[in-house]
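The values are calculated or read from the model by the stated rules, or taken from the named source; none is laboratory data. Computed from a prediction, not measured in an experiment: that's the story for all the values here. Using ideal geometry, Cβ is built from the backbone for each residue, glycine included, and neighbour counts are taken over all protein chains shown. Please note that ligands, DNA and RNA were not included when accessible areas were found on the heavy atoms of the full protein model with its side chains. Shrake-Rupley method; radii C 1.70, N 1.55, O 1.52, S 1.80 Å.
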Amino acid sequence: CFGQYTKLYEFKTDTNGMASNGMNEYDHFIPIDSYLYGTTMLGGINGKGVLFKIKKDGTDYTKLYDFENPIIRGGVLSVLNSSYFYGIAITNDTSSDGASVLFKIKTDGTGYTVLHTFVYYPSNLSTDGTFLYGIMTEKGANNLGFIFKIRTDGTDYSEFFNFTNITGGNPTASLVFDSTFFYGYTTRKGTNGFGTIFRIRPDGTQFEKLHDFEGHYPGIAPLTLDGAFLYG
């Protein structure tokens, strides 16, 4: 049998040809109470996407914020303390010291604040409740990427693990956390040259390579953890 499909809301252009409510909805929704929160890649006043909320029955669509820089790497992080969203956006700065920014924004669409500027484009963010964690696909000591962390107020930024030919390099997806370890994967290097699955503690210790891929490269979506197995 097949489940019932119901279209709840349609992103489309206005009568003037503009997509003021946003278009090209991006990545996953974040549920809070009776609403789903999400971002779009395009549309809005600036054409760079919007933050919106909509009830789970498809009613009461509300645009909360018009982004001035497009969102990248999987939209926004799940809300912390029912107060802020965190995300990564591309800047309009073409110099070498301003490729993207880490920002936060309140769930009501106010208080947009840039917390940190990056020279490259990180993955989407993860958290252990105190720090935000992200992966840089390239750069770092070996130019194979690194893991960084930063407090939610933008302080204490550190790059605490650099990938190597042995550990695997060029990670792409955000990390998943089981309250003890972060898990992720790389898309190159490792024993067979096809990438690896790994885990590491939030303080950067006890890195362990769990698997070397052979004959095929992994994709770009984050791993899924069910408490016993990792899926990808």
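Observations, loosely collected:
- Annotation: of all residues in region 143-155 being in a loop (DSSP other than H, G, I, E, B) and in contact with a Gly (Cβ under 7 Å, 6 or more places away or on another chain), the one that is surrounded by the most Cβ atoms within 10 Å (Cβ to Cβ) is G145.
- The strands (runs of 3 or more DSSP E) falling completely within region 58-129 that include 3 or more residues that are at pLDDT 90 or above map to 62-66, 84-90, 100-106, 113-118.
- A search for C-beta distances below 7 Å between a residue of region 44-67 that is at positive phi and any residue that is modelled with pLDDT under 95 and assigned to a loop (DSSP other than H, G, I, E, B), counting only pairs 6+ apart in sequence or on different chains, returns G44/S20; G44/G22; G44/F67; G49/G22; G49/F67; G49/P70; G58/L8; G58/Y9.
- D226, sole failed condition from (1) of a type in the set (D, E); (2) in contact with a Pro (Cβ under 7 Å, 6 or more places away or on another chain); (3) without any contact (Cβ under 8 Å) to a residue 12 or more places away in the chain: (2)
- Looking only at region 110-127, and only at residues there that are closer than 21 Å to G145 by Cα and of a type in the set (V, I, T), the one that is surrounded by the most Cβ atoms within 10 Å (Cβ to Cβ): T127
- Subset of region 200-232 that is modelled with pLDDT of 95 or more, assigned to a strand (DSSP E or B) and open to solvent by 60 Å² or more (accessible area, probe 1.4 Å) - its residue that is farthest from K149 (Cα to Cα): H211
- For region 176-192, residues that are of a type in the set (G, A, S), surrounded by fewer than 22 Cβ atoms within 10 Å (Cβ to Cβ) and within 12 Å of H211 (Cα to Cα) total 0.
- Residue match in region 146-156 (condition: within 16 Å of L223 (Cβ to Cβ) and either modelled with pLDDT of 95 or more or hydroxyl-bearing (S, T, Y) (or both)): yes
- Taken over region 3-23, the residue count meeting the criterion of being modelled with pLDDT under 85 and either open to solvent by 90 Å² or more (accessible area, probe 1.4 Å) or outside any loop (DSSP other than H, G, I, E, B) (or both) is 3.
- Qualifying residues in region 45-57 (those that are touching a Leu at 6+ places or on another chain (Cβ under 9 Å) and part of a loop (DSSP other than H, G, I, E, B)) - the one farthest from T6 (Cα to Cα): G49
- Only listed residue being in contact with an Asp or Glu (Cβ under 7 Å, 6 or more places away or on another chain) and within 16 Å of L64 (Cβ to Cβ), chosen from S34, S20: S20
- Qualifying residue in region 128-137 (condition: among the acidic types (D, E), surrounded by 14 or more Cβ atoms within 10 Å (Cβ to Cβ) and in contact (Cβ under 8 Å) with a residue 24 or more places away in the chain): yes
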